[in-house]
Amino acid sequence: MRFFRRLLGRESDSPPPPSPSAASETVPLPSRSEVGWATDVGRLRDHNEDTALVVTAAQDGDSPFPSFELLVLADGMGGHRAGEMASSVAARRAAYHITRQSYLPSLLDRQGDANRPALTEVLINAVQSANRAVSEEAPGSGTTLTCALILGSQAYIAHVGDSRAYVLTEGGLEQVTQDHSVADRLVDLGQITPAEAAVHPQKNVLYRAVGQSTALEVDTHVRKIGPGDYLLLCSDGLWGLISETDIVGLIRGASSLQEACEDLVIAANEAGGRDNITAMLWRAPRE
C-alpha cells in the first residue's frame, strides 16, 4: 500500500502529508527522464486540498514506444473537506481515463489503432469525465485540474482553473497555461493590467472549475520539451508566493528534481504559506 500511495499521491482519506523534508520519494525507474513532486498543507490551513498524482512507465531500449509519464494536479475548493474530496476524485478519474485510453492499448497493439481517439481528445474527455464525477460525488465543491501526459519528449496538457504548467528552458520560465480567474479575464478584456491583476481582490476567484458546470470548456496545449528542459506543474500556493526568478533559481540549484520540489515548498512556506502548496517536476532526457 505504501508503494501505491507513493506512486499515486495522497488520497482524500489519507493522513496529512509529511513535512517537505520527508516528502514522498519518486519511484526509481530504469529511464533517463526524471520526476519529482512534493505537497504540503502550508502554514495557515488545517488540511490539504491539493492532490498530486504521478503515473510513470519505463520500457526497455528495444521497445518501439516512447516512455510514458502522467502528472495530474488538482487544487480543490469548497471548505469542510469538500475541496479535498473534489481534488482527489478529479485527479483519480482523469488519470484512470487517460491511462486506459492512451497507454494501456499500446501495450497490446504495436501498429496502433486507427479508431483510437487523438491524445488531445483523450485529455479533454478525461477532464470532462472528472467534471461529472466531482458533480456526482462532491456536489457543491470544485477543483482546478491540470494534466500533463508526456510521451517521449512531447507533452500534452489539459487545463482548467488556476493551477499552472510552466516550461523551463535555457531561455527562462514560460507559463504554458492561462489562469481561469476573474482577474485574468479582466486582463484579457483590457480592463486591468497584468500588474493590477497580481494584486486584484478576485485574482483567486475562478470563473471556470471542474465540478461547477455541466458544460465545461477545457484548454489543451501540445509542447515539445527539449533535452534537459523542465516541465513544472504547481498550485497557486506556490506561484502566488514565489517569483518566477526564485522558482528558476531553486530548480536549477537543486541536485535532483525531488530536492527542487521540496525546496519550492519550503520557500512558499517561508513566504507565508497562506495556501496549500504543490510542485511537480519532470525533466526531459539529455541526448
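What the table shows:
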read-out	value
Entirely in region 115-203, the helices (runs of 4 or more DSSP H) that have 3 or more residues that are small (Gly, Ala, Ser) and under 17 Å from Arg93 (Cβ atoms)	119-137
Residues of region 253-272 satisfying the condition of being in contact with a strand residue (DSSP E or B) (Cβ under 8 Å, 6 or more places away or on another chain) and either without any contact (Cβ under 8 Å) to a residue 40 or more places away in the chain or of a type outside the set (D, E, K, R) (or both)	Ser256, Leu257, Gln258, Ala260, Cys261, Leu264, Val265, Ala268, Asn269
In region 207-229, the residues that are farther than 30 Å from Ala284 by Cα and either surrounded by 12 or more Cβ atoms within 10 Å (Cβ to Cβ) or within 21 Å of the chain's Cα centre (by Cα) (or both)	Tyr207, Arg208, Gly211, Gln212, Ser213, Leu216
Scan of region 152-206 for residues that are surrounded by 15 or more Cβ atoms within 10 Å (Cβ to Cβ), under 19 Å from the mean Cα position of the chain (by Cα) and more than 20 Å from Ser235 (Cα to Cα), ordered by number	Gly152, Ser153
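Taken together, the values in this text are just the output of simple stated rules run on the coordinates, not laboratory data. Note that the coordinates shown come from a computational prediction; the quantities given were computed from them, not determined experimentally. Quick reminder, even Gly has a Cβ in these numbers, built from the backbone with ideal geometry, and neighbours come from all protein chains shown.
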